[in-house]
Amino acid sequence: TSIAEGEMGLDRDGSFIAVDWGTTNRRAWRIGPGGAVEESFGDAGGILEIPEGGFPDEIAFLRETLGDLPMLLGGMVGSNRGWRETPYVACPAERRSIAAGIVWIDARTGIVPGVAQDCRDAPDVMRGEEVQIIGALARGDLPGDALVCLPGTHAKWVRLKGGRIAGFATWMTGELFALIRDHSILAPQLASAVGPEPGPGFAAGVVASGAGDALGQLFRIRAAHMLDAPMTDPAGYASGLLIGAEVRAGMALMRGEAPYLIGRSDLTARYAAAIAQVLGQTQDHCRMVDGDTAFRAGIGALLKELP
């Protein structure tokens with residue numbers, strides 16, 4: 001659904017609601033004049049938790065909670081498992097083309113499209129990360145030509161050229177770690193939580209990833225336990241092994257420079273530690289951008305593209 005000029009009814013003071021709606025979680029913010037966060041909301045109500053036909057009631061709830069304002073939604077809410085499937089915008093993609101692809105549920109509620117790399121040898125898709133990239137560019141946190149890594153369940157490595165998403169690749173690192181931790185033979189050894197800061201176990205995993213055999217190195221966790229010589233931080237080791245393997249592959253594919261990092265502070269810190277270790281640099285060398293801040297700025301930037 002498209003809207004005619006002037007129909008969206010944006011508030012005169014520029015206030016709006018930004019919603020990052022993922023598979024398992026959702027976060028929403030009321031943004032006031034000048035981009036200030038006036039109120040926020042978050043819960044585990046991801047798209048998989050919404051019953052069939054339940055999205056309109058959820059939108060009504062968000063407006064009751066945050067205010068009756070124009071609302072843009074990004075993330076998996078626009079997937080084939082979400083509220084309404086929103087067609088991807090093809091690479092190279094930038095703010096204007098993504099804004100033009102917004103699907104409007106009504107005059108004041110829209111879903112942001114994702115971005116697709118329609119390439120036979122390397123097909124790929126993203127939903128939500130494009131909003132963060134747009135926001136980081138709008139804030140001046142990224143240059144127009146850069147390599148960007150967005151850690152998460154399905155981590156993205158993105159090449160920017162001239163302020164446009166020129167190409168990208170996905171690693172299922174976060175999902176694989178969760179599967180191994182919760183459902184593999186290693187689950188008992190990985191039951192302890194990964195610490196808030198990368199420690200010696202994580203660093204050892206990053207070193208082991210250099211062997212190019214992450215799957216083989218993982219079994220060492222089990223073998224050490226069976227031989228009564230358990231690792232002191234097996235969960236950290238597994239995390240470092242998988243993230244290290246991703247970092248090595250991502251930098252090789254994207255030609256080696258340290259990327260900008262956009263995401264949750266705990267995840268970007270772990271990736272920064274792995275990148276610094278692989279490159280032989282200090283962790284301060286990595287440039288990190290808060291993912292929620294970037295997302296809110298991206299929704300605001302997209303709204304500015306509307307007539």
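Quick notes on this structure:
- Selection count where residues are aliphatic (A, V, I, L, M), part of a strand (DSSP E or B) and closer than 16 Å to GLY110 by Cβ, scope region 23-77: 5
- As for region 241-248, it holds at least one residue that is under 17 Å from ALA276 (Cβ atoms) and in contact with a strand residue (DSSP E or B) (Cβ under 7 Å, 6 or more places away or on another chain).
- Scanning region 86-114 for residues that are open to solvent by 20 Å² or more (accessible area, probe 1.4 Å) and out of contact with any Gly (no Cβ under 7 Å at 6 or more places or on another chain) turns up ALA90, PRO92, ARG95, ARG96, SER97, ALA100, GLY101, ILE105, ASP106.
- VAL289 passes every criterion in (1) assigned to a helix (DSSP H, G or I); (2) closer than 30 Å to PRO70 by Cβ apart from (1).
- Remark: ALA60 matches the filter, which requires a residue to be open to solvent by 10 Å² or more (accessible area, probe 1.4 Å) and at pLDDT 95 or above.
- All of ALA203, ALA235, ALA214 fail the test of being touching a Leu at 6+ places or on another chain (Cβ under 7 Å), touching a residue at least 40 places away in the same chain (Cβ under 8 Å) and farther than 26 Å from GLU130 by Cα, apart from ALA235.
- Of the criteria (1) assigned to a helix (DSSP H, G or I); (2) at pLDDT below 95; (3) open to solvent by less than 70 Å² (accessible area, probe 1.4 Å); (4) small (Gly, Ala, Ser), which one GLY9 fails: (1)
- Residue within region 149-157 that is open to solvent by less than 60 Å² (accessible area, probe 1.4 Å) and at pLDDT below 95 present: yes
- Which listed residue is in contact with a helix residue (DSSP H, G or I) (Cβ under 6 Å, 6 or more places away or on another chain) and part of a loop (DSSP other than H, G, I, E, B), from VAL247, VAL206, VAL194: VAL194
- Pairs linking a residue in region 73-85 that is in contact (Cβ under 8 Å) with a residue 24 or more places away in the chain and open to solvent by less than 10 Å² (accessible area, probe 1.4 Å) to a residue that is assigned to a loop (DSSP other than H, G, I, E, B) and among the hydroxyl-bearing types (Ser, Thr, Tyr), with Cβ atoms under 6 Å and 6 or more positions apart or on different chains, are GLY78/THR86.
- Search result, residues across region 176-191 that are open to solvent by 60 Å² or more (accessible area, probe 1.4 Å) and either among the polar types (S, T, N, Q) or part of a helix (DSSP H, G or I) (or both): LEU176, LEU179, ARG181, ASP182, HIS183
- Listed by first and then second residue, the pairs with beta-carbon distance under 6 Å, at least 6 apart or on different chains, first residue in region 256-274 and polar (S, T, N, Q), second open to solvent by 20 Å² or more (accessible area, probe 1.4 Å), are THR268/MET288.
- Count of region 36-59 residues which are touching a Gly at 6+ places or on another chain (Cβ under 6 Å), of a type in the set (Gly, Ala, Ser) and within 19 Å of GLY300 (Cα to Cα): 0
Rundown of residues vs (1) modelled with pLDDT of 95 or more; (2) under 18 Å from PHE168 (Cβ atoms); (3) surrounded by fewer than 24 Cβ atoms within 10 Å (Cβ to Cβ), yes/no style:
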site: GLY244; (1), (2), (3): yes, no, no
site: LEU253; (1), (2), (3): no, yes, yes
site: PRO259; (1), (2), (3): no, yes, yes
site: THR268; (1), (2), (3): yes, yes, yes
site: ALA276; (1), (2), (3): no, no, yes
site: GLN283; (1), (2), (3): no, no, yes
site: VAL289; (1), (2), (3): yes, yes, yes
site: ASP292; (1), (2), (3): yes, no, yes
site: LYS304; (1), (2), (3): no, no, yes
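The values are calculated or read from the model by the stated rules, or taken from the named source; none is laboratory data. Keep in mind the model is a prediction, meaning the values are calculated, not measured. Don't worry about glycine lacking a Cβ; one is built from the backbone with ideal geometry, like all the others, and counts go over all protein chains shown. In case anyone asks, the SASA skips ligands and DNA or RNA and just uses the protein heavy atoms, side chains included. Shrake-Rupley method; radii C 1.70, N 1.55, O 1.52, S 1.80 Å.
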